[in-house]
1. Could you rank SER21, SER69 by how accessible they are, 1.4 Å probe, largest area first?
2. Once the Cα atoms of the range 1-98 are picked out, what are the Rg and Dmax in Å?
3. What residue among GLY27, LEU101, LEU9 has its Cα farthest toward the positive end of the dipole of the range 1-115, where the charges are +1 on Lys, Arg and -1 on Asp, Glu, each on the Cβ?
4. Counting only protein heavy atoms and using a 1.4 Å probe, what share of the accessible area of the range 19-85 belongs to carbon plus sulfur, as a whole percent?
5. Could you tell me the calculated FRET efficiency between ILE154 and ASP96, based on Cβ-Cβ distance and R0 = 35 angstrom, to the nearest 0.05?
6. Please work out the FRET efficiency for the pair SER89 and ALA55, using the Cβ-Cβ distance as r and a Förster radius of 22 Å; give the result to the nearest 0.05.
7. Would you tell me the accessible area of HIS164, worked out with a 1.4 angstrom probe on the heavy atoms of the protein chains, in Å² to the nearest 10?
8. What accessible area per residue, rounded to a whole number of Å², is obtained for the range 1-101 using a probe radius of 1.4 Å?
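The values are calculated or read from the model by the stated rules, or taken from the named source; none is laboratory data. Treat the numbers as computed from the prediction; the structure is a model and nothing was measured. Here the Cβ positions follow ideal geometry from the backbone for every residue, glycine too, while neighbour counts run over all protein chains shown. Accessible surface areas use protein heavy atoms only, side chains included; no ligands, DNA or RNA. Shrake-Rupley method; radii C 1.70, N 1.55, O 1.52, S 1.80 Å.
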Amino acid sequence: MTDQLKKILADYAVPDPKIVSKLPKGGVTLDFVGHADITRILIEIDPTWTIEPVAFDEGGLPARTKIGSMIQAGFWITVLGHRRYCVGSVEERKQDVGKELVSDAIRNGAMRFGIALSLWTKAEWEDLGATPVVRTLRAVTETAVVKPVTKDVIDKFMKACADHNL
């Protein structure tokens with residue numbers, strides 16, 4: 001591994017807490033770094049980084065595969081002259097599948113180089129010898145604040161469901 005790639009892991013595996021957002025999913029809250037902040041990090045590391053589809057459809061867009069209710073596309077991401085495979089996936093019901101595929105692939109591809117890698121594991125990254133690096137990056141994503149649902153809201157929901165035979 002080149003020294004530059006090792007430096008990515010050392011400098012960016014544990015993201016600055018200021019750019020980590022929260023996403024409620026399946027009863028748990030997941031930490032993530034948005035594609036804009038990941039893009040900023042990629043540009044900081046290598047202003048000439050690229051991402052390109054593995055295959056194209058007849059219209060010249062990234063070729064997509066449907067698996068259940070998910071749409072996926074394969075991409076190549078190149079950073080510091082090293083090329084790695086990554087996947088973008090998005091629920092088919094989403095409004096702008098194409099953009100979300102690329103955004104997801106950017107996050108997934110950056111992880112392949114060690115960027116925000118600690119967010120992709122259940123292990124406590126600090127236990128593995130890494131320490132968070134605090135940077136002066138300005139977060140470009142917002143953190144969603146999830147408020148607990150009150151009994152009143154649950155009662156209204158249950159009544160609405162009953163009123164509509166649900």
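1. Final ranking, largest accessible area leading: SER69, SER21.
2. 15.8, 42
3. Farthest towards the positive pole: GLY27.
4. Reported share for carbon and sulfur atoms: 59 percent.
5. The value I calculate is 0.60.
6. 0.90
7. Surface accessible to solvent at HIS164 totals approximately 130 Å².
8. For the range 1-101, the solvent-accessible area averages 60 Å² per residue.
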